[in-house]
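Peer 1: I have a structure here, written as structure tokens, and I will follow up with some questions on it.
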Amino acid sequence: MKIARKHSHLNGEEWLLVHERDTYQEILDVIEAIDAEKCRTKISKEKSKRGKALYSPIALNTEFDKRFSALGWKSTRYSYYVAHNFEQLEAMANMSLDEQKQYLWDQDIEPIFSYNQTDHVKRRIAIEVQFGKYAFVAYDLFVKHVVFYTGRVINVGIEILPTKTMQRKMSSGIAYYEGELHNILRHGRSNPPVPLVIIGLEPA
């Protein structure tokens, strides 16, 4: 596959080039090694695309998972407790998980456990390969990457998406690079508050 489009949010790519150039190159090499045509295995049942061979999100994700796992990228979970009061949440922001739980018990509040999980993390970089529906990408960009960043698990997040050109050869409803770039830019230059690299892919 090839990178057709790329956007650096809050100097995400610049950070990688200065601090993790080799790791960033490793990510680019994985992308280049993916043969998209081998993943064109989904036969459409949609009225407008009936019988056409489409790029399969499952097959694409499997290829990325296999290659990143072989290079030591691991699924990582960030756990935390939530509360119904904003001041309490703010007070817990920099506490450890045990400290959060004790703080809530001390306030006579039942601790509610929650977590976020991302598939590929290494050297404080998180990668989300997203060939899913729009809502999943929005959650990645405005919740998951932010939680991992504010929790000091990562320094930068990378979101890998198909471009509109590729998305046309997939099932309906798949998120695409140009649409998600618009969503980021309309929120303002500093939101989401985490350095990101948004990558739009196409078959090579």
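Since every read-out is calculated from the coordinates, none of them should be taken as a lab result. Since the structure is predicted, the reported quantities are computational estimates derived from the model, not experimental observations. Cβ sites come from the backbone with ideal geometry, for glycine too, and all protein chains shown count toward neighbours.
Peer 1: So, how do all the Cα-to-Cα distances of the chain break down into 10 Å bins, in percent, from 0 on up?
Peer 2: Cα pair-distance distribution for the chain, in percent: 8, 32, 32, 18, 8, 2, 0.
Peer 1: At a Cα cut-off below 17 Å, give the lysines reachable from Lys66, other chains included and same-chain residues fewer than 8 away excluded.
Peer 2: Here the lysines satisfying the reach criterion relative to Lys66 are Lys38, Lys74, Lys122.
Peer 1: Length gain on complete extension for the stretch Trp105 to Thr150, per 0.36 nm per residue less the alpha carbon to alpha carbon distance?
Peer 2: On the way: separation 45, 0.36 × 45 = 16.20 nm, distance 2.34 nm.
Length gained, Trp105 through Thr150: 13.9 nm.
Peer 1: Over the stretch 83-204, what number does the Rg to Rh ratio reach, with both radii from the alpha-carbon atoms and Rh per Kirkwood? Could the numbers behind the result be given before it?
Peer 2: Working: Rg = 17.2 Å, Rh = 16.1 Å.
Result: Rg/Rh = 1.07.
Peer 1: What are the ³J(HN,Hα) values, in whole Hz, obtained from phi via the Karplus relation 6.51 cos²θ - 1.76 cosθ + 1.60 with θ = phi - 60°, for each residue of the stretch 139-145 in sequence order, with x given for Gly and Pro?
Peer 2: Rounded to whole hertz, the list is 5, 4, 6, 9, 10, 4, 4.
Peer 1: At 7 Å along the Cα-to-beta-carbon direction for both Val143 and Ala53, put a label point, then send me their distance in nm to one decimal.
Peer 2: Between Val143 and Ala53, the simple spin-label model gives 3.7 nm.
Peer 1: Now, a different point. Round to the nearest 10 and give me the degree value, 0 to 90, for the angle of helix 57-70's Cα axis relative to the longest principal axis of the chain.
Peer 2: Its long axis makes an angle of about 70 degrees.
Peer 1: Only bridges whose two residues both fall in the chain count here: according to DSSP, what percent of them are antiparallel, nearest 5?
Peer 2: Here the share of antiparallel DSSP bridges comes out near 65 percent.
Peer 1: Per the helix-only calculation at 222 nm, which mean residue ellipticity applies to the chain, given -39500 (n - 2.57) for every DSSP H run of n ≥ 4 and division by its residues, nearest 500 deg cm²/dmol? Working shown, then result.
Peer 2: Values: 9 runs with 77 residues, N = 204.
Result for the chain: -10500 deg cm²/dmol, rounded to the nearest 500.
Peer 1: Given Val153, Gln130, Ala91, which one lies farthest toward the positive end of the charge dipole of the stretch 74-161, if we put +1 on the Cβ of every Lys and Arg and -1 on the Cβ of every Asp and Glu?
Peer 2: Gln130
Peer 1: Just order 88-96, 61-69, 117-125 by mean Cβ neighbour count inside 10 Å, highest at the front, would you? Write out the running numbers ahead of the final one.
Peer 2: Details: 88-96: 13.3, 61-69: 16.3, 117-125: 18.7.
My ranking of the peptides, most packed first, is 117-125, 61-69, 88-96.
Peer 1: Expressed as a whole number of Å, what is the distance separating the alpha-carbon centroids of the stretch 10-42 and the stretch 96-149?
Peer 2: 23 Å
Peer 1: 5 Å is the cut-off here: which amide hydrogens, built 1.01 Å from N in the peptide plane, fall below it relative to Arg5, excluding neighbours closer than 5 in sequence?
Peer 2: Gly200
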